[in-house]
Amino acid sequence: MKTIYLVRHAKSPKDEKGIKDWERPLTVAGIKRAQDVAQKLYRKKIMPARIISSHAFRALNTSLIFAINLRYPVSALDISDSLYEKKASDILDMLKKQDDSIASIMLFGHNPSISDLCNHLTRKKGADLPTSAVTAIQFKTDKWADIAKFAGKTTFTESGK
């Protein structure tokens, strides 16, 4: 069984002058909601085997908030440029290459690709993850390369609202 936790980064301001898109920080409200969602996951005893985050500041800072609250070692975070401004299909290709000894991955990314990936993996339409939201999807396979062959089952969605 493989599990993916898809997380959309926390709220960040749009179009701040003098700041490149990938440098956008989190808002105070975004930090609070990310902490709330991460604490809910901690109470559910969610502990991914691996955390992979986009290198963009807003996603990376969200992943740090989750890692700290989940008691996941911050030094083990995998920071990837394969998640920023990529299509869902690109992210799926990256997931398919993961080591099969890893049972669960928490992935921190951006819309529209993170919601598109959720829709593709569950074979459902209309999922639009709000900021800081997490959707857990399980697959009845032991190989990451096979996750797109089957519709994954959504086990929970947590948005902090």
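All of the numbers you see were taken from the coordinates with simple rules; none came from a lab. The shown structure was predicted, so the numbers you read here are calculated from the model rather than taken from an experiment. In this analysis, Cβ positions are derived from the backbone assuming ideal geometry, glycine residues included, and neighbour counts consider all displayed protein chains.
In nm, what is the difference between 0.36 nm times the number of residues separating ARG71 and THR122 and their Cα-Cα distance?
15.5 nm
How far, in nm, would the chain grow between ALA151 and LYS44 when pulled straight, counting 0.36 nm per residue and subtracting the alpha carbon separation? Provide the component values of the computation, followed by the final result.
Details: separation 107, 0.36 × 107 = 38.52 nm, distance 2.40 nm.
Computed gain between ALA151 and LYS44 is 36.1 nm.
Taking the highest mean first, how do the peptides 106-115, 22-31, 93-102 order by number of other beta carbon atoms within 10 angstrom per residue?
106-115, 22-31, 93-102
Using the scaling law 2.2 N^0.38 Å as the reference, what is the normalised Cα Rg of region 19-85?
Rounded to two decimals, the normalised Rg is 1.11.
Taking only DSSP H segments of four or more residues, each worth -39500 (n - 2.57), what value at 222 nm results for the chain once the sum is divided by all its residues, to the nearest 500 deg cm²/dmol?
About -9500 deg cm²/dmol.
Given Cβ point charges of +1 (Lys, Arg) and -1 (Asp, Glu) and nothing else, what value in debye, to the nearest 20, does the dipole of region 2-158 about its Cα centre take?
Numbers: 27 positive and 17 negative charges, 120 e Å.
Dipole size: approximately 580 debye.
Sorting check: for 68-80, 1-13, 32-44, which peptide has the highest mean count of neighbouring beta carbons within 10 Å, and how do the rest follow?
1-13, 32-44, 68-80
Please express the shape of the chain as an equivalent ellipsoid: the semi-axes are the square roots of 5 times the eigenvalues of the C-alpha gyration tensor, given largest first in whole angstrom.
Over the Cα atoms of the chain, the ellipsoid semi-axes are 23, 17, 15 Å.
Which pairs in the list LYS32/LYS87; LYS2/LYS97; LYS32/LYS153; LYS17/LYS40; LYS20/LYS124; LYS14/LYS153 are over 25 Å apart, alpha-carbon to alpha-carbon?
LYS32/LYS87; LYS32/LYS153; LYS17/LYS40; LYS20/LYS124; LYS14/LYS153
What residues qualify as long-range amide H neighbours of ALA133, i.e. H under 5 Å apart, gap of 5 or more or another chain, H built at 1.01 Å from N?
ARG8
What list of ³J(HN,Hα) couplings, whole Hz, do you get for region 21-30 from phi and the Karplus terms 6.51, -1.76, 1.60, once you set θ to phi - 60° and write x for glycine and proline?
Per-residue couplings from phi come out as 3, 6, 8, 4, x, 8, 7, 4, 5, x Hz.
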